[in-house]
Amino acid sequence: MQTNITKAVLLAAGRGTRMRELTQELPKPMLQVRGKPVLQHIVEGLREAGLTHFLIVVGWQAKVVRDFFADGSKLGVQVEYATQTVQNGTGKVVELSREFAGRDPFVLSYGDILAAPENYPRICAALTQAEAVVSVKRSEDVSQGGAVFVNEKFELIDLREKPRPGEPTSPWYNAGIYAFRPSIFDYVAKLELSPRGEFELTDAIRSLALGGQKVRALELTGNWADVRDPEILAQLNRPL
């Protein structure tokens, strides 16, 4: 399966309430790390990996994102926008990108995830042998996100969102950057509300894997950060 990925979907609709007053007038992905919005770091990293077409899904304080990136030309890319009007989960956000993706594969990243740029071409390359790719980091505590279960070939066999004490767990933490073929939209369309009352992208990925499609897990290398709270933001902005 050949894959030449040129499209990316970036999720930047959330306010990020854990950031408290920092996101009163900004969406969380527009908070600055070392002088640039987190979202700009992501766009530039993907651009260096050869991606040229971006769909940014906006919601909270959408104008800030639109005004900053505009059509993308100042960063040498093309940017389009979709608006998430109801905050009902990452699964429904992905549905907003169906028309943008068309029949093409694409990378999807949460707008608050910083990763060493060398990971982006690795994620794209991994899709040549799979229907989807899920990035992972080794972690002792997966309760803040998704626990990824893999087989001996490092293929995903299960995925559990924020496992509670006593539930099965894994040392692999969902790192929030993916690559998909358009088949993901069939699974997203069938999503039902999770116990958290949201349509979860991870449930669609789980169904994809349990349905017999190959989903590769890929361990990220180098620095990685989920910019989820003021403490992590302050750490990232400490003088080198």
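Here is a list of conditions, (1) at pLDDT 95 or above; (2) touching a helix residue (DSSP H, G or I) at 6+ places or on another chain (Cβ under 9 Å); (3) buried (at least 16 other Cβ atoms within 10 Å of the Cβ); (4) not polar (S, T, N, Q), and Lys36 meets all of them except one; can you say which number that is?
Against the list (1) at pLDDT 95 or above; (2) touching a helix residue (DSSP H, G or I) at 6+ places or on another chain (Cβ under 9 Å); (3) buried (at least 16 other Cβ atoms within 10 Å of the Cβ); (4) not polar (S, T, N, Q), Lys36 comes up short only on (3).
Would you list the helices (runs of 4 or more DSSP H) that sit entirely within the stretch 144-240 and hold 2 or more residues that are farther than 30 Å from Glu21 by Cα?
Helices (runs of 4 or more DSSP H) meeting the threshold: 184-189, 201-210.
Is it true that some residue in the stretch 195-213 is within 16 Å of Ser135 (Cα to Cα) and surrounded by fewer than 17 Cβ atoms within 10 Å (Cβ to Cβ)?
No, the stretch 195-213 contains no residue that is within 16 Å of Ser135 (Cα to Cα) and surrounded by fewer than 17 Cβ atoms within 10 Å (Cβ to Cβ).
Pick from Glu118, Glu48, Glu95: which is closer than 26 Å to Glu198 by Cβ, out of contact with any Lys or Arg (no Cβ under 9 Å at 6 or more places or on another chain) and not hydroxyl-bearing (Ser, Thr, Tyr)? Outline the logic, then answer.
Numbers: Glu118 fails: closer than 26 Å to Glu198 by Cβ; Glu48 fails: closer than 26 Å to Glu198 by Cβ.
Going through Glu118, Glu48, Glu95 in turn, the sole match is Glu95.
Just to be sure I understand the filter: pairs with C-beta atoms under 8 Å, separated by 6 or more residues or on different chains, first member in the stretch 12-35 and on the phi < 0 side of the Ramachandran plot and in contact (Cβ under 8 Å) with a residue 12 or more places away in the chain, second member part of a helix (DSSP H, G or I) and aromatic (Phe, Trp, Tyr). Which pairs pass?
Qualifying pairs under 8 Å: Met30/Phe68.
Please give the helices (runs of 4 or more DSSP H) falling wholly within the stretch 1-108 in which 2 or more residues are within 29 Å of Arg206 (Cβ to Cβ), touching a Gly at 6+ places or on another chain (Cβ under 8 Å) and not acidic (Asp, Glu).
In the stretch 1-108, 38-48 are the helices (runs of 4 or more DSSP H) which contain 2 or more residues that are within 29 Å of Arg206 (Cβ to Cβ), touching a Gly at 6+ places or on another chain (Cβ under 8 Å) and not acidic (Asp, Glu).
If the requirement is being modelled with pLDDT of 95 or more, closer than 17 Å to Ala13 by Cβ and aliphatic (A, V, I, L, M), which of these qualifies: Ala125, Ala82, Ala49?
Exactly one residue qualifies, and that residue is Ala82.
Kindly indicate whether any position in the stretch 171-187 is surrounded by fewer than 20 Cβ atoms within 10 Å (Cβ to Cβ), farther than 15 Å from Gly91 by Cα and over 15 Å from the mean Cα position of the chain (by Cα).
Checked the stretch 171-187: at least one residue is surrounded by fewer than 20 Cβ atoms within 10 Å (Cβ to Cβ), farther than 15 Å from Gly91 by Cα and over 15 Å from the mean Cα position of the chain (by Cα).
Looking at Tyr187 and the list (1) touching a residue at least 40 places away in the same chain (Cβ under 8 Å); (2) under 30 Å from Thr6 (Cα atoms), which single condition is not satisfied?
Unmet condition: (1).
Restricting the stretch 126-161 to residues that are free of Cβ contacts under 8 Å to residues at least 40 places away in the same chain and surrounded by fewer than 16 Cβ atoms within 10 Å (Cβ to Cβ), which is farthest from the chain's Cα centre (by Cα)?
Glu152
Which pairs have Cβ atoms under 7 Å, sit 6 or more apart or on different chains, and link a residue in the stretch 62-76 that is free of Cβ contacts under 8 Å to residues at least 24 places away in the same chain to one that is hydroxyl-bearing (Ser, Thr, Tyr)?
These pairs meet every condition: Arg66/Tyr81.
Checking the condition within 17 Å of Arg181 (Cβ to Cβ) and modelled with pLDDT of 95 or more, which residue from Val94, Val107 passes?
Values: Val94 fails: modelled with pLDDT of 95 or more.
After ruling out the rest, the residue left standing is Val107.
The values are calculated or read from the model by the stated rules, or taken from the named source; none is laboratory data. The model shown is predicted, which means the values in this text are computed figures rather than measured ones. Glycine gets a Cβ as well: all are built from the backbone with ideal geometry, and neighbour counts include every protein chain shown.
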